[in-house]
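Where a number appears in this text, it was derived from the coordinates with a stated rule and is not lab data. Note that the structure is a prediction, hence the values are computed from the model and not measured. Virtual Cβ from ideal backbone geometry, glycine too; neighbours counted across all protein chains shown.
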Amino acid sequence: MAINTTPVSVPKPQLVSADSGRDLAREEWQRLCARDHSELAVVEPSREITVGELIASARRRAGQLVAQGCTPGSRVIVARPNVIEFVVDYLAIRLCGAMLINLPWSAGTSITELAEVLDASCVILTEDLVGDNPLFDSLGERRFREGDPAPDGPAEPIGRAVDEVCWLACTSGTTGTPKAAMHTAATLERQTEVFAQHFQLTRNDPILVTSPVGHAVALLFGVRMSLMLSSLMVLIPRWSAETAADLVSRYGCVYTVAPTPYLVDVVEHAEANGPDMWSTLRFFPSAGAPVPRSLVQRGLKALPHTQVWSYFGTSEAGAVTAVPLDDSLDNRLETDGIAMPGMETRVVNGELELRGIQMMKGYWSGDPAGRLQADGWYQTGDAAEQRPDGYIKMIGRARDIILRGGENISPLEVENVLLGHPAVDDVAIIAYPDDRLGSRLAAVVVGAEAADLQSLRAHCQSVGLAKAKWPEYLAMIDKIPLSAIGKVRRNDLEAFVQQHRTQHA
């Protein structure tokens, strides 16, 4: 198999060895217990909890989990929004020596299906949100009973080796039950540690958790990062730029990581209200896709104290690439950075492959597609380009690339451009068949006001997007359909576009 770019290796830091004797869950707990018990540990817009209260709550929750059948190595699903209770659950699971599976609270059938596939001992839901939804009746005795009395759990985490699995990161597939990537205590620790080191964060840097904690990003680079640094954790249960601005201003938040649409909201808020409320926010890495050049340029102007750029990561390996803090503006605008310390990247036939010390142990239910190779290289399924100096530019999911007149077009690239249009709140680019070109591009747009195809194309021209990538059809929709793990259901949208074109022929 031909390799398009020579693998780029970087110096590898010393990772916790399998025979080191360290207990990373215990170290995390001891850091928490060593803090001033009267200081704030976690806050929401209208709630706060101190370190001492968090410790006591976690022990009570651990006692409940043990009473309801949780044992070392058992699987516990937590499906919560960004609330204090999620942090309590996380710590309690670590105290019990169990495996965490964090899912979006609205994941529906993925929660019940994974409970069976993983043989979960307990499923923790936010009961006032799911209510009496009969879907969850199938959980039976697995459903956590928050009101059950029980003695406190262990005073310290039950000992687990660094090479034992402690977290199952569910992948963001758009069809079928998500796969569960198995992470050991060592890989879980390293994924958070490498980002904290990259951004040079300390205990004096409050962390704003904006992305949903049901996804890996918020767990690794929000909840766990705050606990690792012993810094204040600031949670947003329901995203809004107004709430984020208030929390940043109130608590002096320094860092957050979130998808591009959240960044759009923040930039628009700063443009409308000025940068003062965001003045302490120094870092805003954006996950999932390259940040559009036009958005970065707007962000630099609207948020003069904040560094904005994209990075690349996966559930299987955490954050894989990022742009160095002191790097050039061109690299920040045009790339997703270089491999993190301890990771390697290469592009094989247009697809990004990676390996390194953050890599998962494997999938819970096996790897029939053979994406994790015997020599450690993992096939991501993502299309990418890699320069000779190692800088990566992500193109999109390989299977989502649209072939139009012989040219490969990334939907993500076009979507990120269109997100800068004032009438576009959300958008997906979908291919529809064409006899001459093979495929053409349809923009499926969510907006408070009806968008106009001509203005969308004019916007693409204004930011320098190649004409072949401009949308050629427009369909408005109330909401982009997403999988339970938050990825666009492109098959559903292809059917929607076909029906829309038929109705409007």
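Structure above, values below:
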{"item": "Gained length - residue 491 relative to residue 249, 0.36 nm times residue gap less alpha-carbon distance", "result": "83.0 nm"}
{"item": "Between helix 241-251 and the chain: long-axis angle, C-alpha atoms, 0 to 90°, nearest 10", "result": "40 degrees"}
{"item": "Histogram of C-alpha separations across region 401-503, 5 Å bin width, %", "result": "2, 13, 25, 26, 21, 10, 2, 0"}
{"item": "Computed E for residue 435/residue 31 - FRET, C-beta separation, R0 45 angstrom, nearest 0.05", "result": "0.10"}
{"item": "Helix axis angle, 293-302 relative to the chain longest principal axis, alpha carbon, degrees", "result": "60 degrees"}
{"item": "All-pairs alpha carbon distance profile, region 326-405, 5 Å steps from 0, percent", "result": "3, 13, 22, 22, 19, 12, 6, 3, 1"}
{"item": "Length released on extending from residue 113 to residue 155, taking residue separation times 0.36 nm less the Cα-Cα span", "result": "11.8 nm"}
{"item": "Debye equation applied to the C-alpha atoms of region 66-199, log10 I(q)/I(0) at 0.13, 0.19, 0.22 Å⁻¹", "result": "-0.56, -1.19, -1.51"}
{"item": "Label-point gap, in nm, between residue 369 and residue 461 - each point 7 angstrom along Cα→Cβ", "result": "4.0 nm"}
{"item": "Tail fraction, Cα-Cα pairs, the chain, threshold 30 Å, whole percent", "result": "48 percent"}
{"item": "Alpha-carbon spread of region 59-99, three principal axes, descending order, Å", "result": "26, 18, 15"}
{"item": "Inter-centroid distance (Cα atoms) of region 210-266 relative to region 51-78, Å", "result": "24 Å"}
{"item": "Listed peptides 21-31, 337-347 by packing density, highest first (mean Cβ within 10 Å)", "result": "337-347, 21-31"}
{"item": "Highest average packing first - 76-82, 428-434, Cβ atoms within 10 Å", "result": "76-82, 428-434"}
{"item": "Angle in degrees between helix 185-198 and the longest Cα principal axis of the chain, rounded to the nearest 10", "result": "60 degrees"}
